[in-house]
Amino acid sequence: MSKLFVISAPSGGGKTTIVKSILERHPEFAFSVSATTRPKRAVEVEGRDYFFLGREEFEQLLREDALVEHEVIYGNYYGTLKREVNRVLDRKENMLFDIDVRGGLSIRRVYPKESVLIFVEPPSIDILRERLRNRKTEDEETFQRRMDRVAMELERGKEFDYRVVNDKLDVAIEEVQAIVTKHLSAE
């Protein structure tokens, strides 16, 4: 059976780095590219990092029930296109998701048998705050909004199948890889 591996974490928690490592080890996995209305960052590529959509286009997809999950985060829409997930499942392939905690729980509601939810936790709020500041990708207002979500994300992360503490990145990567291997060998 195909698996949908969902990795979620608070901003700055290391999920994107872990996802990239898992994709390097499993190039056969499809990567779920989310759609968003947020502006593209200079380093991002359309269709690889996100599908960058206008607000009206995104709202049309909502009306058509064309999204597995969606969320408004920091004033921007984010969502997963059903057609992308179904295309991968129809081909009997596995997919890896790098999405927020609520989106991960939505994936499980729609695809309960296929989904494997992994929540990456920071070792502490202070370390998370430091990691996020060191990224230097957010202004003060955005930084504060991200920090304001952390308590909710940590609480909802308790609903995931697995929780991995990212104290040492290489150890966290190996823990996530072990979870992936376990589910692939169970097929």
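What follows is calculated from the coordinates using simple rules that are stated; it is not laboratory data. As the structure is a prediction and not an experimental result, all values here were calculated from the model. Positions of Cβ are backbone-derived with ideal geometry, glycine not excepted, and every protein chain shown enters the neighbour counts.
Points to keep in mind about this one:
- Calculated on C-alpha atoms, the gyration radius of the range 1-125 divided by its Kirkwood radius gives an Rg/Rh of 0.94.
- Per-residue Karplus couplings for the range 45-56, computed as 6.51 cos²θ - 1.76 cosθ + 1.60 with θ equal to phi - 60°, are listed in order as 10, 4, x, 9, 8, 7, 9, 8, 10, x, 4, 4 Hz, Gly and Pro entered as x.
- Paramagnetic reach from ASP139 (point 7 Å along Cα→Cβ, amide N under 17 Å) across the range 35-67: 38-42
- Residues in the range 78-92 carry Karplus couplings, in order, of 9, x, 10, 6, 4, 4, 5, 5, 5, 4, 5, 5, 4, 8, 6 Hz; the curve used is 6.51 cos²θ - 1.76 cosθ + 1.60 with θ = phi - 60°, and Gly or Pro positions show x.
- Paramagnetic reach from ASP148 in the range 73-104 [backbone N under 18 Å; point 7 Å along Cα→Cβ]: 73-78, 101-102
- Residues of the range 8-33 falling in the label zone of LEU62, defined by backbone nitrogen less than 17 Å from a point 7 Å along Cα to beta-carbon, are absent.
- Within straight-line reach of LYS82, meaning a Cα separation under 29 Å, sit the following lysines at least 8 residues removed in sequence or on another chain: LYS3, LYS15, LYS20, LYS40, LYS92, LYS113, LYS158, LYS182.
- The length gained by stretching the chain between MET1 and LEU23 to full extension, at 0.36 nm per residue less their Cα-Cα distance, is 6.0 nm.
- Taking LEU61, LEU154, LEU96 in turn, the Gaussian network model of the chain (Cα-Cα springs below 10 Å) assigns the largest fluctuation to LEU61.
- The HN-Hα couplings worked out from phi for the range 115-124 by the Karplus form 6.51 cos²θ - 1.76 cosθ + 1.60 (θ = phi - 60°) are 7, 10, 9, 10, 9, 9, 9, x, x, 7 Hz, whole numbers, x standing for Gly and Pro.
- Lys, Arg +1 and Asp, Glu -1 on Cβ, resulting dipole of the chain about Cα centre, debye, nearest 20: 160
- Selection from LEU81, LEU61, VAL164, by position along the positive dipole direction of the chain (Cβ): VAL164
- Taking amide H atoms as placed 1.01 Å from N in the peptide plane, the amide H of SER115 lies under 5 Å from those of LEU4, each 5 or more residues away in sequence or on another chain.
- Fewest-first ranking of GLU140, GLU71, using other Cβ atoms within 10 Å as the exposure measure: GLU140, GLU71
- The H on the amide N of VAL165, modeled in the peptide plane, is under 5 Å from the matching H of GLU121, each at least 5 residues off or on a different chain.
- Between amide H atoms placed 1.01 Å from N, distances below 5 Å from SER34 occur with PHE51, all of them 5 or more places distant or on a separate chain.
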